[in-house]
Amino acid sequence: MKKMLALLTAVGLLIASAGAASTMPSNWAQKAVQTAQEAGLVPEALNTAYDTAITRSEFCSLAVSLYRIWEANGQLKDITPDPVSFTDCTDEDVLLCASIGVVNGVGGGQFAPDSPIQRQQAASMLHRLAALRTDYIDSMKNKMPHVFIDGENIRSWARSDVYWACNSGIMTGTGNNAFQPTGQYTREQSIVTILRLYDTSYAAPPVTNAEIPYHTVLDNSGAGVSQMHLEDENGNRLLTDFENTDGYFYDITIFGDWVGLMWNDHANVALYQPATGKRIDGYYFDGIDEKYGVAWAGIPYGENASGSRMIVYADGTTGKTFIPETAWSRGRAIVWADANTLAAIDKSGNTLWQYKTSDHQDAILYGLGDRLVIEQDNTCALLTNGKRSDAQTYAIIPNQWSANYIGISGNSEYYTLYDQNGKALTGSYANALVEVGQDIYCGRVSDTQCEYFHCAAGGSPTTLFTVAATNDWPIALPTDGAGVYALRTDQNTITCFDRFGSVLGTMQTPFTMNNMTDIAFENGCIRVTRMSMGADDPAQTILYLPTGELIA
């Protein structure tokens with residue numbers, strides 16, 4: 001009996017110990033939480049379960065604690081609260097936050113006080129709260145975009161708030177250049193960010209875009225032959241002592257820490273790292289997936305050329321070697337595991353799935369990432385997740401970003417968007433239909449007009465813009481690489497929008513745009529360059545925020 005009592009006591013102590021540990025903040029947050037508590041920022045109800053998701057009403061109680069301190073110190077602007085009521089919440093802190101514009105309801109007269117908030121929602125609430133201070137400055141610095149790897153998931157209503165929160169050091173990413181906009185926000189994260197608003201000396205270092213220290217410059221030299229060279233950020237020409245080239249190459253591809261070089265009338269190639277001098281001769285890039293930092297590299301010419309390709313990473317390292325069937329897309333590719341087996345791999349070279357081909361029956365047509373079109377008996381099927389779709393009599397074009405695909409019928413004259421089950425999502429477009437962004441498509445509706453529309457996987461299309469058709473038919477829209485796109489909607493207007501089809505802003509150029517105008521993204525901003533049309537008409541370059549504001 002005594003042994004049993006001792007055992008029960010020990011178990012009870014373990015449970016109590018575990019419970020006590022769970023009431024402590026994480027190591028990274030302990031000091032900040034303690035400081036916030038001493039400053040009177042943390043309501044008593046939030047001094048426990050620090051790693052749990054904070055609810056909408058709990059966040060309001062934190063916000064009100066800071067608001068009252070600012071109010072007592074005379075640090076608030078003149079604010080006239082707009083009385084608000086909700087059918088599902090009478091909490092005074094919630095009603096105050098709603099009346100001063102820090103939070104909104106969820107529709108239908110409700111607030112959903114017990115629902116957890118997302119990280120992008122937290123950014124919006126924090127920004128609205130900060131804007132109530134008398135010393136709040138709506139600076140260009142805090143508006144500058146950051147290109148997160150998962151930035152395509154940031155909604156339009158939160159995008160500027162996320163940029164502000166990261167630029168001001170109030171919030172940070174979650175590691176590996178991710179923000180996780182729809183991820184949960186915990187009590188301790190909320191307390192830490194409220195402390196940063198209270199005292200900016202606790203702010204984190206601002207999140208900044210990684211700068212590429214060099215860029216390519218195109219030269220025209222000798223009998224009209226196009227060559228290029230590499231420059232650093234100060235305009236100094238690099239690699240002038242490389243293999244008697246004097247720094248001029250037939251092609252230069254920048255990929256992370258690597259530079260792909262082609263010289264001697266395309267006869268010689270190498271991968272090179274300017275920062276370290278590391279060099280791999282005879283290899284050149286193929287199938288780059290910039291966003292996920294992975295590419296193929298192989299021997300393109302000569303008697304040693306083969307189908308084998310080595311995985312190369314943007315951080316300057318290399319990986320396994322395979323015989324690829326597709327280029328990289330979304331960090332995935334299809335390779336040959338053996339003579340009769342296809343395998344999808346991730347960027348580390350790990351196998352995701354395998355598929356046995358039918359001898360003398362399957363004809364591999366084309367693919368991208370982990371999607372592949374297979375022909376058999378004059379029909380086409382899409383291979384995804386190791387399974388073949390139903391056979392179709394029309395040709396199939398797999399999309400780069402969406403699980404939908406484009407089918408072509410009628411002697412290659414009619415284009416229709418289908419879901420993975422072969423269900424038609426759109427009507428037929430005569431002449432052309434192109435995927436130009438993630439869930440963004442462009443179809444030619446007449447000889448003079450094109451229609452841009454949004455259609456998520458398996459969803460319904462929504463028309464975004466109808467614009468004049470041009471000769472430079474878009475293969476892909478200019479993008480920041482994380483779900484933000486720019487489109488020339490008329491000769492003087494550029495419209496910026498996200499992958500959900502929400503417009504972020506428009507910009508009016510001071511010049512008429514034509515085929516000599518280049519629209520590109522630079523660190524999340526939109527650079528518009530109009531080439532020189534002669535000595536009396538010099539080149540012009542303008543930089544805009546995605547919201548349309550002029551930077552320079």
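Structure above, values below:
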| read-out | value |
| --- | --- |
| Proximal aspartates and glutamates relative to Lys141, as straight alpha-carbon distance under 20 Å, when same-chain residues fewer than 8 apart are discounted | Asp161, Asp199, Glu211, Asp480, Glu522, Glu549 |
| Filter on Lys31/Lys77; Lys320/Lys387; Lys278/Lys347; Lys320/Lys423 - keep pairs with C-alpha separation over 29 Å | Lys31/Lys77; Lys320/Lys423 |
| Exposed-site-free run, longest, the chain (rule: GluC sites (Glu not before Pro); DSSP loop; at most 11 other C-beta within 10 Å) | 304-552 |
| Relative contact order (percent, whole number), the chain, Cα cutoff 8 Å, 6+ residue spacing | 7 |
| Percentage of interatomic Cα-Cα distances in the range 156-313 larger than 20 Å | 63 |
| DSSP loop trypsin sites (Lys or Arg not before Pro) with at most 14 other Cβ within 10 Å: longest gap in the chain | 78-277 |
| Identified option (computed Rg and Dmax of the Cα atoms in Å; candidates (i) 28.1, 102; (ii) 21.8, 68; (iii) 29.6, 105) | (i) |
| Average Cα contact separation per residue, the range 87-199, under 8 Å, 6 or more apart, as relative contact order % | 28 |
| Separation of alpha-carbon centers, the range 134-187 and the range 400-466, rounded to whole Å | 32 |
| Where no second cysteine Cβ lies under 4.7 Å, the cysteines concerned in the chain | Cys89, Cys166, Cys380, Cys442, Cys450, Cys455, Cys496, Cys525 |
| Computed [θ] at 222 nm, helices only, for the chain once each DSSP H run of length n ≥ 4 contributes -39500 (n - 2.57) | -5000 deg cm²/dmol |
| The range 447-504 - percent relative contact order, Cα under 8 Å, separation 6 or more | 25 |
| For the range 386-496, with +1 on Lys and Arg beta carbons and -1 on Asp and Glu, the positive-most of Thr489, Gly422, Ile406 along the dipole | Gly422 |
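Just so you know, all these numbers are worked out from the coordinates, no wet-lab data involved. Just so it is clear, the structure is predicted and the values come from calculations on it, not from any experiment. Cβ coordinates were reconstructed from backbone atoms using ideal geometry, including for glycine residues, and neighbour counts include every protein chain displayed.
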